[in-house]
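Only one structure is covered here, and it is reproduced in the block below.
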Amino acid sequence: MSEVAIHEDFLGCFGLWKRDGAWLLVGNERELSVGTTPTLVFDLPGGRVEPGETLAETLIREWQEECRLDIEVGDFAFVQEGVRTYGGERRYAWRSFFFEVTGIGEPRAASEVNSLLWCPEERLADVLQAPYHQGFLRHLASGSRYEFDVWGGATPGTGC
């Protein structure tokens, strides 16, 4: 994780595509805590909103980059926000918007991801283990439109 990522607020947009009882996830190697070995983590397709982009434009771009797939952006599902801490110190805030999407065709892993996974809903809690996934899992359980989380971590450079 770069020092910029440690100090910069994050605005993201992610798509929710459920087909035949399973959700589409993308797999990447991620360092979930500063200084840890990257591990395979599955996430919902989407990412950072670029300057000048609308949320829908972000989703369309990210799904092309990650899944080689054109999508139709549907209804707003929920928003999740929170703060990221290191060593008990607040470093940045993050906000992620989630929308239902429908893919046009079959997804294929693109260069930005290692793999794709259709995950049955009953297995999501086993697969989505990163701290930032908890809001999505709570949303599925309750239907809430707003989730807030604090994502803690080690102090940069100390490994603890």
Segments 62-69, 19-26, 142-149 sorted - mean Cβ within 10 Å per residue, highest first
62-69, 19-26, 142-149
For the range 26-130, what's the radius of gyration and Dmax over Cα atoms, in angstrom?
14.9, 45
Over the chain, with every protein chain in place, what whole percent of the accessible area is carbon and sulfur at 1.4 Å, could you tell me?
52
F78's amide H: which non-local residues (gap 5+, or another chain) put their own amide H closer than 5 Å, with H modeled 1.01 Å from N in plane and none for Pro or chain starts?
F98
For A22, the net charge from surrounding residues (Cβ-Cβ under 14 Å; K, R +1; D, E -1) works out to -2
Before rounding to the nearest 500, sum -39500 (n - 2.57) across all DSSP H runs of length at least 4 in the chain and divide by the residue total; then give [θ] at 222 nm in deg cm²/dmol.
-5000 deg cm²/dmol
Summing +1 for each Lys or Arg and -1 for each Asp or Glu, what net charge is found among the other residues whose Cβ lies under 14 Å from the Cβ of G135?
0
Which whole-Hz couplings ³J(HN,Hα) result when phi for each residue of the range 53-59 is put into the Karplus expression 6.51 cos²θ - 1.76 cosθ + 1.60, θ = phi - 60°, listed in order with x for Gly and Pro?
8, 7, 4, 4, 4, 4, 4
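The values are calculated or read from the model by the stated rules, or taken from the named source; none is laboratory data. Bear in mind the structure is a predicted one, so any value in this text is a computation, not a measurement. When we count neighbours, we look across all protein chains shown, and the Cβ atoms used for this are built from the backbone with ideal geometry, even at glycine. With ligands, DNA and RNA removed, areas are computed over all heavy atoms of the protein, side chains included. Shrake-Rupley method; radii C 1.70, N 1.55, O 1.52, S 1.80 Å.
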